[in-house]
1. How many residues does the stretch 50-86 hold that are surrounded by fewer than 16 Cβ atoms within 10 Å (Cβ to Cβ), among the small types (Gly, Ala, Ser) and over 15 Å from Leu319 (Cα atoms)?
2. Of everything in the stretch 1-49, what is charged (D, E, K, R) and either assigned to a helix (DSSP H, G or I) or in contact with a helix residue (DSSP H, G or I) (Cβ under 9 Å, 6 or more places away or on another chain) (or both)? Give them in sequence order.
3. Kindly indicate which of Val369, Val341 is out of contact with any strand residue (DSSP E or B) (no Cβ under 8 Å at 6 or more places or on another chain), surrounded by 19 or more Cβ atoms within 10 Å (Cβ to Cβ) and assigned to a loop (DSSP other than H, G, I, E, B).
4. Counting only residues that are among the acidic types (Asp, Glu), farther than 15 Å from Ala90 by Cβ and surrounded by fewer than 17 Cβ atoms within 10 Å (Cβ to Cβ), which one in the stretch 220-254 is modelled with the lowest pLDDT?
5. Mind checking which pairs have a first residue in the stretch 308-332 that is over 14 Å from Tyr36 (Cβ atoms) and a second that is in a loop (DSSP other than H, G, I, E, B) and among the basic types (Lys, Arg), Cβ under 6 Å, 6 or more apart or different chains?
6. In the stretch 19-43, what residues are in contact with a Phe, Trp or Tyr (Cβ under 6 Å, 6 or more places away or on another chain) and under 19 Å from Asp337 (Cα atoms)?
7. Within the stretch 316-337, is there a residue that is surrounded by fewer than 14 Cβ atoms within 10 Å (Cβ to Cβ) and of a type in the set (Ser, Thr, Tyr)?
Amino acid sequence: MPGCPVASSFDPFAAGYLADPYPHLAAVRDRTPAFYVPELDMWVVTRYADIEAIFSDVETFSARIAQDPVFPLAEQARAALVEGGFRAGATMSNCDPPKHTRIRRHNMRAFSARRISVLEPKVAAKAEELVGRMLAAERFDAVAGLTYPLPAYMIFTLIGFPPRDTEMLKSWCGNRMAFSWGRPSPAEQAEIAVGMARYWRYCEQFVSDRLADPQDDFTSDHLAVHRADPEALTLDEITGVIYGLSFAGHETTTNLTSNAIRRLLEHRDQWEALCADPSLISGAVEEVLRYDTSVVAWRRVTTRPTRIGEVEVGAEAKLMLLLAGSGRDPARFAAPDTFDVRRVDAARHLAFGRGIHFCLGAPLARMEVRIVLELLTRLAPDLELVPDQVFTFPPNISFRGPQQLWLQHGPRR
């Protein structure tokens, strides 16, 4: 639009941004509430109040692009999806009312307190097994040994996937993040698309098997709704929910758990406070979500001309909402760059969204990180980061966590 702020230099794929986006986020937040990036064809929204308002106004800001690839798909990638039978449609995070309302209602019932309470001891037992194995070494990568396998176990157990299929499913899920949120080459797009189609067909077959032989799991809860009223939830919609949940519940929680361990060990006084007083752990999880969230940005698209702060944007404008920047907005949080597990308002972060799209998996993510921190602070209070390691992060606009996190036992304090 005429006179709109443009920032051609803003690049969420740049090495410096990926390594540490927070100085970049602070700089753009100070300058303007929103600006246009031509290469991305997106308006970047920088401030807490505006992002919160966007999440709350579903009539003006549609979720339908949340899962779309940032860049257009190459023909070979499209062909791989079609030939592979991939038919995933909008379900939850990329769906608007009234369809969203119908599907979310059934998902909320499936995420019942009973199901989560049944899952927690299983997750705790698996976490204890993984932590015990990891701590037996002097040095270890916490991502490979703990924060990657544990969320996969948790979400696959919730869904009902058999444990024997875990490694196969993870291999098919590989680099799915790059497909929708990264900048892959045409060849990379096609390779990822093949895995996505295989994963989709697996989910279709799994739903069909559960329809014939229900179990006590999340999938069977949805199929009970379908059997009672096939129009309430179709088989394709159930397959889409299972497909999306198995990815979202895995990657985001891996990154969140890794970020929590890293930030607490970087702030030794905060780590020792948790070791001395485990009641601080729940608050520490909220502070990590505010200070270094695993979902640094999310997307919306406008349905009509509107205003973001003092900036006017037109209809069909794609938006990139800087969630990570909102968590350190000084207009919302005092001393926002200070990491403080005793912060009283940390839970006001936007890491799980707001309104009708608030993340249904939030209780599961919080549960897992709490369990991990309880175990590590109790069993390994001497834990520390291996010095001088260089953290690397997957090149994408939305999901952030270290690809490796090397830890070691330190001297007993």
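1. Residues meeting the conditions: 2.
2. Scanning the stretch 1-49 gives Asp11, Arg29, Asp30, Arg31, Arg47.
3. Val341
4. Here the answer is Glu231.
5. Ala315/Arg304; Asp329/Arg47
6. The answer is His24, and nothing else.
7. Within the stretch 316-337, none of the residues are surrounded by fewer than 14 Cβ atoms within 10 Å (Cβ to Cβ) and of a type in the set (Ser, Thr, Tyr).
So that you can scan it fast, the table gives a plain yes or no per residue for (1) among the polar types (S, T, N, Q); (2) in contact (Cβ under 8 Å) with a residue 12 or more places away in the chain; (3) over 24 Å from Cys359 (Cα atoms); (4) in a loop (DSSP other than H, G, I, E, B):
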position: His106; (1), (2), (3), (4): no, yes, no, no
position: Arg114; (1), (2), (3), (4): no, no, no, no
position: Lys122; (1), (2), (3), (4): no, yes, no, no
position: Arg133; (1), (2), (3), (4): no, yes, yes, no
position: Val143; (1), (2), (3), (4): no, yes, no, no
position: Tyr153; (1), (2), (3), (4): no, yes, no, no
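The values are calculated or read from the model by the stated rules, or taken from the named source; none is laboratory data. From a predicted model like this one, the values you see are computed outputs, not experimental measurements. A quick note on method: Cβ atoms are made from the backbone with ideal geometry, for glycine too, and the neighbour counts reach across all protein chains shown.
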